[in-house]
Structures are given as C-alpha cells and as structure tokens.
1. Which residue pairs have Cβ atoms under 7 Å apart, sit 6 or more places apart or on different chains, and have a first residue in the stretch 75-99 that is in contact (Cβ under 8 Å) with a residue 24 or more places away in the chain and a second that is exposed (fewer than 10 other Cβ atoms within 10 Å of the Cβ) and in a strand (DSSP E or B)?
2. Give me the residue from the stretch 29-45 that is surrounded by 11 or more Cβ atoms within 10 Å (Cβ to Cβ) and in contact (Cβ under 8 Å) with a residue 24 or more places away in the chain and, out of that set, nearest to residue 2 (Cα to Cα).
3. Filtering the stretch 76-93 down to residues that are assigned to a loop (DSSP other than H, G, I, E, B) and exposed (fewer than 12 other Cβ atoms within 10 Å of the Cβ), which residue is farthest from the chain's Cα centre (by Cα)?
4. Anything in the stretch 1-16 that is more than 18 Å from residue 36 (Cα to Cα) and in a loop (DSSP other than H, G, I, E, B)? List them, or say none.
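Read the figures in this text as sums done on the coordinates, not as results from a lab. Everything quoted here is computed from the prediction, not taken from an experiment. Methodologically, a virtual Cβ is constructed for each residue, glycine included, from the backbone with ideal geometry; neighbour enumeration extends over all protein chains shown.
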C-alpha cells in the first residue's frame with residue numbers, strides 16, 4: 001500500500017489539520033514508512049502465541065464491596081440521604097432524562 005500526496009491532503013482535511021505544501025510533501029514518505037512497518041508486522045508468525053494486554057501479568061486489586069454501617073463514616077444512612085431527594089426512585093436519586 002502506498003500513500004500519495006493527495007491521500008495525505010485528504011486525511012489532513014478529514015482531521016481538520018491545516019498543512020502547507022511542504023508539510024504535505026514531508027508526510028508522504030513518513031506515512032509510507034509507517035505503513036511498510038505495519039505490513040512487516042503482518043508477516044510475523046504468531047502461531048501459538050496468546051494475545052496479551054501487558055508485558056507483565058497484572059491482577060486487579062479488588063476489595064470487598066461492603067457498606068459501612070457506621071453512620072459517622074457515611075454508611076447505612078440511605079433513607080436519610082434520600083429524604084433530601086426531590087424525586088427518589090427505587091432507592092436512588094431520580095433525575096430528569098436529558099436527550100440532546
């Protein structure tokens with residue numbers, strides 16, 4: 001795959017990036033080099049290689065989701081909090097639907 005000057009101009013226009021003539025000419029070999037590198041990656045044999053999201057194994061550090069029953073630290077007072085709500089619904093604050 002090869003990128004032409006017209007293709008770079010079209011991409012710049014779609015991205016709303018203003019580029020002068022010399023900048024367009026400089027981008028053509030750069031984008032062609034990037035595409036050549038991507039094509040080279042496609043030639044690598046990855047048979048038997050499992051996909052991964054990180055180089056090192058990662059595990060989420062989760063804590064138990066428990067409600068603190070002590071009213072001084074903020075837990076166990078849902079009914080008191082919802083008493084201030086103008087339109088509580090099913091144990092939550094009711095808010096008007098906003099669609100733009």
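1. From the stretch 75-99, no pairs qualify.
2. 32
3. 83
4. 15, 16
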